[in-house]
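In what follows, a structure is listed as structure tokens, so that the remarks can point back to it.
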Amino acid sequence: MQRHSDEALVAYLDGELDADERRHVEAWLEADPAVRDRLTALAQSGDLVRGAYADIVAEPVPARLIAAARGVSESAPGAPQEAEILVLKRPGWAALPLRNRRWQIGLAAAAGLFGVIFGGAGTYLGMSMLNPANPALEHRLAALAANNTWLDNAAGYYKLSVSAGDTMLIDVPASNDPQEALQKISQSLPQQVRVPDLKPWGLTFRGARLVVVEGRPAAELVYVTDNKAIGPLTLVIGASKQPDIPPTFDRRQDVNLLYWRHHERAYALVGQTDIGYLWGIANDIAWQLDAI
Amino acid sequence: MSFRWKREEAPAGAAERADPASAGFSDQLIAVLPRLRRFARGLAGAPADADDLVQAACERALARAYQFEEGTRFDSWMFRIVQTIWIDQLRAREVRKEDGDVAEERLGSDAAVRRIEARLALAEVRQAVQLLPPDQRTVLMLVTVEGLSYKEAAVVADVPVGTIMSRLARARTALQRHLDAGGGIRRSGNNAAAQ
């Protein structure tokens, strides 16, 4: 019976038959070329369906769904602040202990890795349009330069973290009392910093490092995972005088960056994983930090 | 059985609890969101409808978090919620078709649209999935796309394993028929080769 035949063949493809049933189907396939063709066609249709829906899981998850999963309407006021909040003070820059100047070494190394690169648009503006009599253009160029520089640095810091592996130097290990430790290091940061919880994405907060964004100290939050397909991720949060921008994708060599600015803060999510995955995480971070 | 529904009533105060769900529960929910969106896309078709479906499922899951039994498969539990809401929506819209009642008239009803879609192989497959009856579509998504076993799919769909087998076989053969009838990947590939 055809229907019975199709059921057996589909179950065979799905690995749902027991040993006896499997032998029966294999004998049937051996004896009848038409059945083999039928099996091939059914296998092809299964592959087509899987392929047709494969990319959806890599799409960015809308913020409203993340909010719904957390039990809060996206637009509802007073969203729960699950992330840790740190109130940071800013002492004199020279007051930083030597141990905490490690970022300066990191910055130099990052520059060595990536250089201070101006994008094509920036180069065009710089070469042909920079005019002291045109403050607007100067401002745009300065903004573009700052943007490129800090993204270069964010990617450079990320590469340093990846290459260091388990020996990565962490200024604020997550294993210690995070409140006390983060307050200690972030005394040099001019803004509040929260630590998003990314456990739903399989990422564990390892600790924070002190870096530089737009010439000012910032926090680089380091997240790690055993899943090498995802790899470590970093989230750079710093103060910014630049206007707000929506999440924007950029790339430095093999490093993906998703960056945005909101309410005088600059954010960059950095990693080597799929951009769709980064979008999903960025949505969650934005929700948690109310960053967008 | 991969998970069990708790039969007891909600604990006192559960409905009006101030904390809608633990952080751990929400974490599980967020982790499964990409797969829920894919499953919902297979059921509902349109991305916006699918996300509405997932959002409704999240809200229902949080409201009924007490029904989930720790140690059982969370994804299956959520698939069932999504499927239940979708079926309710279909019934409300009175568009649910009887099992085996395929909307043949929709096949090739618009030649111009079909020609465009023939160039988009993935979109064409998704369109063919949308032509399947809801019961078949559900099983196809659960087993073939989401990788659930027949037993797990049977629990989600609340039907015997034998029903899963028959629905799946009909879905796969119907899908193949739709793709062939609609020009399918094969013709699309031929066109591309000809060009």
Residue satisfying all of: in region B:164-176; closer than 13 Å to B:Val143 by Cα and free of Cβ contacts under 8 Å to residues at least 60 places away in the same chain; surrounded by the fewest Cβ atoms within 10 Å (Cβ to Cβ) among these: B:Ser166
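When you look at B:Asp75, is it more than 11 Å from every other protein chain (Cβ to nearest Cβ) and within 17 Å of B:Met141 (Cα to Cα), yes or no?
Details: more than 11 Å from every other protein chain (Cβ to nearest Cβ): yes; within 17 Å of B:Met141 (Cα to Cα): yes.
The answer is yes for B:Asp75.
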Residue ID - nearest to B:Gln130 (Cα to Cα), chosen from residues in region B:147-184 that are facing another protein chain (nearest Cβ under 8 Å) and among the hydroxyl-bearing types (Ser, Thr, Tyr): B:Thr173
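Within region A:273-289, track down each residue that is polar (S, T, N, Q) and over 8 Å from the mean Cα position of the chain (by Cα). Give the derivation first.
So the first thing to find is which residues in region A:273-289 are polar (S, T, N, Q), and the list is A:273, A:283, A:288.
A:Asn283, A:Gln288, listed by residue number.
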Residue check, A:Val25 away from chain B (no Cβ under 12 Å), farther than 23 Å from B:Leu148 by Cβ and surrounded by 12 or more Cβ atoms within 10 Å (Cβ to Cβ): no
Subset of region A:239-292 (residues that are touching a residue at least 24 places away in the same chain (Cβ under 8 Å), in a strand (DSSP E or B) and hydroxyl-bearing (Ser, Thr, Tyr)): A:Tyr259, A:Tyr267
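For region A:249-292, which residues satisfy the criterion of being of a type in the set (Ser, Thr, Tyr) and within 14 Å of A:Trp201 (Cβ to Cβ)? It would help to see each step written out before you state the result.
Taking region A:249-292 and keeping what is of a type in the set (Ser, Thr, Tyr), we get A:259, A:267, A:273, A:277.
Hits for region A:249-292 are A:Thr273, A:Tyr277.
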Counted residues, region A:196-228 - those being aliphatic (A, V, I, L, M) and within 14 Å of chain B (Cβ to nearest Cβ): 2
Count of residues meeting criterion [modelled with pLDDT of 90 or more and outside any loop (DSSP other than H, G, I, E, B)] in region A:1-27: 16
Hey, B:Ile116 modelled with pLDDT of 90 or more and away from chain A (no Cβ under 12 Å) or not: no
Among residues of region B:10-48, those that are modelled with pLDDT of 90 or more and among the charged types (D, E, K, R), counted: 4
Leading residue by the ranking (farthest from the other protein chains (Cβ to nearest Cβ)) among those in region A:38-68 that are part of a helix (DSSP H, G or I) and of a type in the set (Asp, Glu): A:Asp47
Residues that are more than 11 Å from every other protein chain (Cβ to nearest Cβ) and either part of a loop (DSSP other than H, G, I, E, B) or touching a Pro at 6+ places or on another chain (Cβ under 9 Å) (or both), drawn from region B:120-146: B:Leu131, B:Pro133
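The values are calculated or read from the model by the stated rules, or taken from the named source; none is laboratory data. Since we're looking at a predicted model, the values are computed, not measured. Glycine also receives a Cβ, built like all others from the backbone with ideal geometry; neighbour counts cover every protein chain displayed.
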